[in-house]
Amino acid sequence: METHVVDHPLVSHKLTTLRDVRTDSPTFRRLADELVTLLAYEATRDVRVTEVTVETPLTPTQGVRLSRPTPLVVPILRAGLGMLDGMMRLLPTAEVGFLGMIRNEETLEASTYATRLPDDLSGRQCFVLDPMLATGGTLAAAIQFLFSRGAVDVTALCLLAAPEGIAHLDSIFKDSGHPIKLVTAGLDERLNDQGYILPGLGDAGDRLYGVA
């Protein structure tokens, strides 16, 4: 798996404010949205394009358009929804699918409770949105689900990642034969005993939407 930690002053600035316990939910949502757009710029660097000819006001010229089938953006519910607008701002012609996954807080294993995806993802590039790569169980299950439906390569966008989560994904997919890329704003120190990232930013879903 290729891991890219985006090194940019604006990314670091926004991430610092997201970490701050004093940042309220409306501000958190806005900054997460802005941060994802910056991450999406890096995540889509290898998006597939097709050469086309267009007419300018003066002369024909060569350019590119996104290839078909168009990319599929997949937020993992519920926290991934807070990343969707920021991604679609940069990739408005993409289609959107949804995966509802929940982590058992005792076993740390992820299970799927809802899906809204095409049955056939053959040839599709997929971009998975999940704020936190902690143990890696949820993201690994999501990627496996996409590959089982025929996706050919997957890029995951995460606000933060832990070394344990990256190691887990590497171990799961090292022999998969599929390209997988992780784009994140920060690689943190470690997980605590409850499987939360340290220093982290807390529960991303709760900070986006409250605890209801």
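Quick check on my filter: what residues within the stretch 13-33 are farther than 11 Å from Leu159 by Cα, open to solvent by 40 Å² or more (accessible area, probe 1.4 Å) and either in contact (Cβ under 8 Å) with a residue 12 or more places away in the chain or among the aliphatic types (A, V, I, L, M) (or both)?
Thr17, Val21, Arg29
How about the stretch 171-207: which of its residues are farther than 24 Å from Ile102 by Cβ, of a type in the set (D, E, K, R), in contact with a strand residue (DSSP E or B) (Cβ under 9 Å, 6 or more places away or on another chain) and open to solvent by 40 Å² or more (accessible area, probe 1.4 Å)?
Glu189
Being in a loop (DSSP other than H, G, I, E, B), farther than 29 Å from Arg89 by Cβ, without any contact (Cβ under 8 Å) to a residue 40 or more places away in the chain and of a type in the set (D, E, K, R) narrows it down to one of Asp120, Asp175, so name that one. Break it down into steps so the answer makes sense when it comes.
Details: Asp120 fails: farther than 29 Å from Arg89 by Cβ.
Criteria check complete, one pass: Asp175.
Got a sec? Which of Ala151, Ala156 is farther than 30 Å from Asn192 by Cα and crowded, with 23+ Cβ neighbours inside 10 Å?
Ala151
Could you list, ordered by first residue, the pairs with Cβ atoms under 9 Å in which the first is in the stretch 90-102 and more than 13 Å from Phe127 (Cα to Cα) and in contact (Cβ under 8 Å) with a residue 40 or more places away in the chain and the second is in a loop (DSSP other than H, G, I, E, B) and open to solvent by 10 Å² or more (accessible area, probe 1.4 Å), at least 6 apart or interchain?
Met101/Asp130
Kindly state which strands (runs of 3 or more DSSP E) lie completely within the stretch 1-70 and contain at least 3 residues that are under 30 Å from Phe173 (Cα atoms) and touching an Asp or Glu at 6+ places or on another chain (Cβ under 6 Å). Show your work before the answer.
On the way: elements: 2-5, 49-55, 60-66.
Output list is empty.
Cβ-Cβ distance below 6 Å, separation of 6 or more or different chains: which pairs start in the stretch 54-71 with a residue that is without any contact (Cβ under 8 Å) to a residue 12 or more places away in the chain and end on one that is among the β-branched types (Val, Ile, Thr) and in a loop (DSSP other than H, G, I, E, B)?
Correct list of pairs: empty, since none qualify.
Of the residues that sit in the stretch 100-117 and are of a type in the set (S, T, N, Q) and in a strand (DSSP E or B), which one is modelled with the lowest pLDDT?
Filtering the stretch 100-117 for residues of a type in the set (S, T, N, Q) gives 104, 107, 111-112, 115.
Those still in the list that are in a strand (DSSP E or B) too: 111-112, 115.
On the way: Ser111: 72, Thr112: 77, Thr115: 83.
Here the answer is Ser111.
The values are calculated or read from the model by the stated rules, or taken from the named source; none is laboratory data. Bear in mind the structure is a predicted one, so any value in this text is a computation, not a measurement. In this analysis, Cβ positions are derived from the backbone assuming ideal geometry, glycine residues included, and neighbour counts consider all displayed protein chains. We work out accessible area using only protein heavy atoms, side chains counted, and drop any ligands, DNA or RNA first. Shrake-Rupley method; radii C 1.70, N 1.55, O 1.52, S 1.80 Å.
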